[in-house]
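What follows is a set of notes on a single structure, which appears directly below.
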Amino acid sequence: MQLFSRLPERQLRLVRWGLLIGWLLLIVSLLLPLLSLPEGLVPPCSLLIDPDCQLHRQPGNRLFWGTVVPVGVLLIGVLSHELWRRVCPLAFVSQLARALGWQRTRPGRKGKPELVQVKAESWLARHHLALQWSLLIAGLCLRLLWVNGSPLGLAILLLATLAAAVLVGWAWGGKAWCQYVCPMGPVQTVLTGLRGPMGSQAHVGTSSRVTQSMCRTITADGREQSACVACQAPCIDIDAERAFWQTLRGKRSLAWAWFSYPGLILAFFLLMEQVGVGTDLAAHPLGYLRSGGWAFDAGLPQRAWQALWPAIPLPRLLVIPLGLTAASAVSAGLFQSLEAQIERRYTRLGQNDPRERAVQHTRLLATFAAINIFFWFADPLQGLLGPHGAQLLRSLVLVASAIALHRSWGRDQATYRRESASESLRRQLRELPGLEAALDGRSLESLSPQEVFTLVKAMPALGRQQGRGLYRDVMAEMLRTGRLERARALLELQELRQTLQLEEADHHAVVRMLTQEQPELLERNGLQRQVDDLRREAARETVAELLRLAGQDVLDSTTWPADLRERLERLRLDSGLEEKAWQAVLEHYGPHGELERQRLTRLRAAWLEEAALAALLAKESEADPLLRPLRQAIALRLKESRSSLQPRLQAAGMDPLPPDVPAAGGLDQVFDLLWRDADPDTAAWVLMLERQRNPGRVPARLQDPRLGLGDSLFLQDQREGRPCLEPDELEALACCGLFADLLPSGLVWVGRQGALRRFKAGAVVMTIGDPSDSLDLVVSGAVQLQTSRGRSLVLGTGEAVGELGLITGMPRMATVVAGPEGATLFALPAEVFEEMLQRSQSFARGLLGQLAQRLVAAATPQP
């Protein structure tokens with residue numbers, strides 16, 4: 001399910017703006033004189049609440065504490081973290097400095113400014129969870145002590161939070177506020193677990209680099225692309241499940257936060273229950289909690305203190321934080337004890353990696369407990385659905401969290417890695433020959449991870465070298481994206497080796513190969529590689545967009561306008577890449593870069609395939625005159641592509657295009673290729689030939705609208721089955737050597753300008769002294785030319801008659817009669833003669849050649 005990650009960014013921007021405006025209006029309402037809500041919007045006080053309660057006097061507090069906060073938790077824990085993290089107004093406002101280009105920078109290498117990032121070795125990166133959890137507990141304490149029912153206190157808190165988000169967004173790049181400072185950050189991690197009930201999977205089933213709630217931007221043509229600068233790795237916004245597995249051990253303070261959260265929630269709500277002690281609510285304290293009155297009760301802190309004071313003779317400023325902290329510690333201790341018991345049980349049962357499984361299952365149980373404890377007390381509906389509405393919501397939360405728990409319980413890290421390896425293998429298989437036959441009509445994308453491995457086994461033998469190549473590519477991709485560590489690669493890729501029929505020696509050979517070819521993959525740890533990969537891919541996407549705007553395929557920023565060069569420099573600043581890595585990104589799009597080489601490899605292969613078809617067509621056209629115009633069309637395509645491709649191949653240091661390519665393929669492939677030609681008359685010629693020779697292919701052609709390609713009258717005629725010219729006329733013109741270089745469009749034009757004339761034996765074709773009003777071409781038979789001097793000359797197929805009169809403007813200088821077997825001539829009017837000379841060099845050269853031969857013949861004495 002890719003529901004929330006695929007929501008259009010343009011629409012979600014509007015949602016974020018709406019939520020931010022609502023946040024600001026809420027602050028304004030808190031600072032203005034307090035007004036009562038309209039009667040219809042204030043849920044009536046139940047019998048459990050004092051009929052004279054004054055709670056409606058704080059509508060802003062009621063809205064924020066009673067609805068906004070619980071709805072946020074509901075979105076994260078019951079739907080998916082992806083939705084909330086894409087619409088959170090605080091995350092939105094934290095990017096204000098970035099949008100305005102005001103983020104803090106510092107001098108980098110060679111004096112170039114670079115964006116300040118939270119370094120992995122910094123104090124904030126190492127202790128951010130402790131800081132965020134401390135801020136969470138401090139916020140709860142502040143709420144109990146003052147803010148809960150104070151409009152002014154809540155307004156100050158909301159303003160301070162907004163200011164902090166903006167300040168953090170200025171001080172550090174990326175989503176530093178969300179990842180390192182926001183108190184809700186670790187709460188979202190705990191509530192999400194492996195994946196929310198309606199969350200998507202980022203490592204399988206998607207071809208996009210933009211996954212889950214990943215930072216993204218919108219290009220000029222409306223496409224979404226990554227804007228990630230890898231401010232944290234692993235990142236819950238990119239792949240929540242990967243973040244879960246990679247932080248299962250070694251993440252400072254995460255275990256404490258995870259296990260303490262259920263106790264923290266319970267302590268907070270139990271403290272609310274003490275409000276009923278010594279008041280008219282004493283008989284129904286739990287009802288007071290479920291009614292939601294605590295969420296905006298201005299007298300809550302005082303009554304809570306009065307309830308605790310007899311037992312704890314300390315200032316409430318100490319009692320409340322100590323109580324919450326103690327409850328958190330008790331909760332953490334209980335879950336740690338549970339984890340130890342689960343580990344011992346799994347050890348006895350002989351399960352693989354019992355320690356990891358115990359941590360996983362205990363955290364999932366803590367997540368399940370935290371969500372349900374929260375909604376046992378909280379009701380974001382505020383009674384709008386009547387007395388049973390809250391219970392219905394609690395039941396839905398219970399069912400959704402139970403489904404998520406059941407789905408996540410049986411997963412393990414090995415399964416995740418196996419699915420990731422299958423995705424990498426899927427990408428490498430796309431270019432493998434013989435794939436279509438092995439798929440048996442299915443698409444590669446529709447296969448499950450298990451089926452991908454089965455597919456490789458079912459395919460014909462790959463061979464040791466080809467298998468090694470696949471293994472190397474999969475390993476390199478997994479190392480690059482941080483999904484594999486070199487130390488564990490031998491074990492984790494064992495199934496892949498078995499599928500490819502490789503041995504451990506092949507694994508070591510591939511590692512040695514990668515050490516030589518891509519040493520950076522093996523020199524840095526997984527998190528460092530993951531950060532580099534995220535930043536590099538985001539930068540590549542943005543550079544590709546700038547190239548598109550500049551109208552270039554190969555990067556040459558010296559020709560760019562000033563605004564694009566400024567955007568490129570800004571991109572370098574925002575990317576967080578070191579100078580060497582940034583130059584590698586630019587080289588990727590340069591004339592020697594990987595992208596250009598990949599593009600040229602595809603273009604060269606396509607050219608060679610087309611050249612092989614052209615060689616085939618040249619052979620076939622020797623016996624089939626109607627194929628000759630298509631031969632010219634495909635030759636022109638090859639010539640044009642060679643002129644642009646050859647210099648690029650040379651610049652990239654790749655093999656040039658060969659002068660000759662052996663024939664390969666079939667005529668159907670030729671017709672398929674030329675049907676998509678930009679010249680509509682070439683496509684029409686293809687359709688004409690298929691109507692004559694292979695009518696079964698015509699219906700498919702007629703269903704193809706050739707979107708984005710041109711149309712012509714000739715093509716329209718052929719689509720509707722109307723012959724614009726007689727087949728024998730076109731064949732006669734195609735046979736004529738004077739038209740040898742004409743494309744289908746040129747030959748059709750010639751056919752429409754003139755007409756065939758047929759003469760019986762001895763019939764007069766033209767008479768001496770007649771006006772020179774046409775050029776006649778002998779297309780079959782022969783004619784005899786008789787001059788005024790008594791000389792005669794026989795002209796055969798392909799020769800022209802009357803051309804000298806058109807050139808000189810003089811009348812006919814000879815009488816022409818049909819030969820003993822008659823003759824068929826094609827008459828081309830005088831008014832198109834000049835245009836014909838310009839259209840066809842072959843025509844002009846042929847006429848000159850014929851005239852020269854006749855002059856030689858005329859000068860030679862007859863015997």
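The values are calculated or read from the model by the stated rules, or taken from the named source; none is laboratory data. Here the structure is a predicted model, which is why all the values come from computation and not from measurement. No Cβ is skipped: glycine too gets one built from the backbone with ideal geometry, and neighbour counts run over all protein chains shown. For the accessible areas, the whole protein counts, side chains as well, though only heavy atoms, and no ligand, DNA or RNA atoms are used. Shrake-Rupley method; radii C 1.70, N 1.55, O 1.52, S 1.80 Å.
Restricting attention to the stretch 572-598, the residues that are assigned to a helix (DSSP H, G or I) and touching an Asp or Glu at 6+ places or on another chain (Cβ under 7 Å) add up to 3.
Checking each residue of the stretch 707-718 against the condition of being without any contact (Cβ under 8 Å) to a residue 24 or more places away in the chain and either buried (at least 20 other Cβ atoms within 10 Å of the Cβ) or farther than 23 Å from Thr682 by Cβ (or both) gives no match.
Residue-wise test of (1) at pLDDT 90 or above; (2) farther than 30 Å from Leu32 by Cα.
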{"residue": "Ala160", "(1), (2)": "yes, no"}
{"residue": "Val166", "(1), (2)": "yes, no"}
{"residue": "Trp177", "(1), (2)": "yes, no"}
{"residue": "Cys182", "(1), (2)": "yes, no"}
{"residue": "Val190", "(1), (2)": "yes, yes"}
{"residue": "Arg195", "(1), (2)": "no, yes"}
{"residue": "Ser208", "(1), (2)": "no, yes"}
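Checking Val28, Val15 one by one, the residue that is over 24 Å from Ile238 (Cβ atoms), open to solvent by 60 Å² or more (accessible area, probe 1.4 Å) and modelled with pLDDT of 50 or more is Val28 and no other. Looking across Gly790, Gly762, one residue alone is open to solvent by less than 60 Å² (accessible area, probe 1.4 Å) and farther than 30 Å from Leu674 by Cβ. It is Gly762. Any residue that is among the charged types (D, E, K, R), open to solvent by less than 60 Å² (accessible area, probe 1.4 Å), over 20 Å from Leu730 (Cα atoms) and touching a helix residue (DSSP H, G or I) at 6+ places or on another chain (Cβ under 7 Å) - is there at least one of those in the stretch 672-682? So far as the stretch 672-682 goes, yes, one or more of its residues are among the charged types (D, E, K, R), open to solvent by less than 60 Å² (accessible area, probe 1.4 Å), over 20 Å from Leu730 (Cα atoms) and touching a helix residue (DSSP H, G or I) at 6+ places or on another chain (Cβ under 7 Å).
Identify the residue in the stretch 404-450 that is at pLDDT 80 or above and in a loop (DSSP other than H, G, I, E, B) and, among all such residues, is farthest from the chain's Cα centre (by Cα). If we take residues in the stretch 404-450 being at pLDDT 80 or above and in a loop (DSSP other than H, G, I, E, B), then Gly410 is farthest from the chain's Cα centre (by Cα). Test Lys119 against the stated conditions and say whether it is assigned to a helix (DSSP H, G or I), out of contact with any strand residue (DSSP E or B) (no Cβ under 7 Å at 6 or more places or on another chain), modelled with pLDDT under 90 and more than 21 Å from Trp65 (Cβ to Cβ). Answer is no for this residue. Of the numbered criteria (1) surrounded by fewer than 17 Cβ atoms within 10 Å (Cβ to Cβ); (2) not in a helix (DSSP H, G or I), the one Leu381 fails is (1).
The requirement of being of a type in the set (A, V, I, L, M, F, W, C), closer than 30 Å to Gly746 by Cβ, touching a Leu at 6+ places or on another chain (Cβ under 9 Å) and in contact (Cβ under 8 Å) with a residue 24 or more places away in the chain is fulfilled nowhere in the stretch 578-596; no residue meets it.
As a summary of the residue check, Val783 satisfies the conditions (1) more than 24 Å from Glu821 (Cα to Cα); (2) open to solvent by less than 30 Å² (accessible area, probe 1.4 Å) except for the one numbered (1).
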